[in-house]
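Engineer: One structure coming up, written as structure tokens, with questions to follow.
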Amino acid sequence: MNDRIKNILDLIKKYAKKRISHHHTVQLLAVSKRFPAQAVEDAYACGLTQFGENYVQEGVDKIQQLAHLPLTWHFIGPIQSNKTQLIAQNFDWVQTVCREKIIARLQAQRPENLAPLNILIQVNISQDPAKSGVIADFINDNRTILEQPLYIQIYKMAQLIHKQSRLCFRGLMTISEKSLPTEELALQYKQLDQIYQQLQKDFATVDCLSMGMSQDFETAILNGSTQVRIGTAIFGQRD
């Protein structure tokens, strides 16, 4: 596992250096869904501290088993209303927020003795009907970013999150459509990066653009990603 992680981190650095603008480090989020707690502990021994889980109960079980380690846990799966309390009580980040109802529930259910819950707004940049997320046409015309329909929707939701005392708005997340040609995917990532950069001007807490997985993280990094979510390339094939 150590060699796999080192190889991925080397590739992340390589592509981050090739980026033309806004140079910054890119965080590796290890997607540990369907892998046992021991695999997470092994990855921690190799230097990783950020882990993502897609299924609430599975994630909570690992969080409790590994409470002795200084790990940061991200919820990256679809959010069901009846699961928000478990998410709010156990996770450090939630990357898949795209409904006002979920914002209200996370705010109400985040324990006061914990730090504010870090929130990313999920954006369906590919307009893929199989995926969740804020969705609207991004029109390449003479309108500024501030006038684009997608930005207007995201900004409205970001303002709502920003007003919550137990939540902290940190940025955006997207899941790409797997079948897209690289050129089209790169264009979508660039568009989302433009919105992300504008949000950084509007909200002092924004510092995360989570896009790119095992099959496309190079393209994502070249087009602005600050965090890539990788699972099988770290842990191997899932059962």
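The values are calculated or read from the model by the stated rules, or taken from the named source; none is laboratory data. For clarity, every value in this text was computed on a predicted model and none was experimentally measured. All Cβ positions, even for glycine, are placed from backbone atoms using ideal geometry, and neighbour counts span all protein chains on display. SASA here: full protein model, heavy atoms, side chains in, ligands and nucleic acids out. Shrake-Rupley method; radii C 1.70, N 1.55, O 1.52, S 1.80 Å.
Engineer: Cα-based Rg (one decimal) and Dmax (whole number) for the stretch 1-80, in Å?
Structural biologist: Final numbers for Rg and Dmax: 14.2, 42 Å.
Engineer: In what order, largest first, do CYS208, CYS98 sit by accessible area if the probe radius is 1.4 Å? Write down the numbers at each step before the final one.
Structural biologist: Details: CYS208 10, CYS98 35 Å².
Order by accessible area, largest first: CYS98, CYS208.
Engineer: Let me know the charge dipole size of the chain about its Cα centre in debye, to the nearest 20, where only the beta-carbon of Lys, Arg (+1) and Asp, Glu (-1) is charged. Please report the intermediate quantities before stating the final value.
Structural biologist: On the way: 26 positive and 23 negative charges, 63 e Å.
Value, rounded to 20: 300 debye.
Engineer: Ignoring solvent entirely, what values of log10 I(q)/I(0) come out of the Debye formula for the stretch 27-128 at 0.09, 0.12, 0.13, 0.23 Å⁻¹ when each Cα is a single scatterer?
Structural biologist: -0.22, -0.38, -0.45, -1.25
Engineer: If we count every other residue with Cβ under 15 angstrom of ALA43's Cβ, Lys/Arg +1 and Asp/Glu -1, where does the sum land?
Structural biologist: Values: positive: ARG4, LYS6, LYS33, ARG34, LYS62, ARG229, ARG238; negative: ASP3, GLU41, ASP42, GLU53.
For residues surrounding ALA43, the net value is +3.
Engineer: Within 13 Å, Cβ to Cβ, of ARG19, how many net charges do the neighbouring residues add up to if Lys/Arg are +1 and Asp/Glu are -1?
Structural biologist: Residues near ARG19 contribute +3 overall.
Engineer: Putting +1 on Lys and Arg Cβ atoms and -1 on Asp and Glu Cβ atoms, find which of TYR15, ALA37, GLN109 reaches farthest to the positive end of the dipole of the stretch 6-146.
Structural biologist: Of TYR15, ALA37, GLN109, it is TYR15.
Engineer: Using +1 at the C-beta of Lys and Arg and -1 at the C-beta of Asp and Glu, which of TRP73, ASN118, GLN194 has the Cα lying farthest in the positive direction of the dipole of the chain?
Structural biologist: ASN118
Engineer: Over the alpha-carbon set of the stretch 88-186, divide Rg by the Kirkwood Rh and report the Rg/Rh ratio to two decimals. It would help to have the intermediate numbers written out before the result.
Structural biologist: Working: Rg = 15.0 Å, Rh = 14.6 Å.
Ratio value, two decimals: 1.03.
Engineer: Here's another thing I want to ask about it. Just how much of MET213 is accessible, in Å², when a 1.4 Å probe is used and the result is rounded to the nearest 10?
Structural biologist: Surface open to solvent at MET213 totals about 50 Å².
Engineer: Roughly speaking, what % of Cα-Cα pairs in the chain are separated by over 25 Å, rounded to a whole number? All intermediate terms of the calculation are to be shown ahead of the outcome.
Structural biologist: Working: 11417 of 28441 pairs.
Taking all Cα-Cα pairs of the chain, the fraction more than 25 Å apart is 40 percent.
Engineer: Relative to the Cα centre, what is the charge dipole magnitude of the stretch 1-130, using +1 at the beta carbon of each Lys and Arg, -1 at the beta carbon of each Asp and Glu, and rounding to the nearest 20 debye?
Structural biologist: Details: 15 positive and 11 negative charges, 97 e Å.
So the dipole magnitude of the stretch 1-130 works out to roughly 460 debye.
Engineer: Right, here's the next one. Could you pull the accessible area for ILE152 with a 1.4 Å probe, rounded to 10 Å²?
Structural biologist: ILE152 has an accessible surface of roughly 90 Å² with all protein chains in place.
Engineer: Could you pull out every residue, at least 5 positions away or on a different chain, whose amide H is within less than 5 Å of the one on GLN122? Hs are placed 1.01 Å off N in the peptide plane, and Pro or chain starts have none.
Structural biologist: So GLN122 has HN proximity to VAL97, CYS98, VAL134, MET173.
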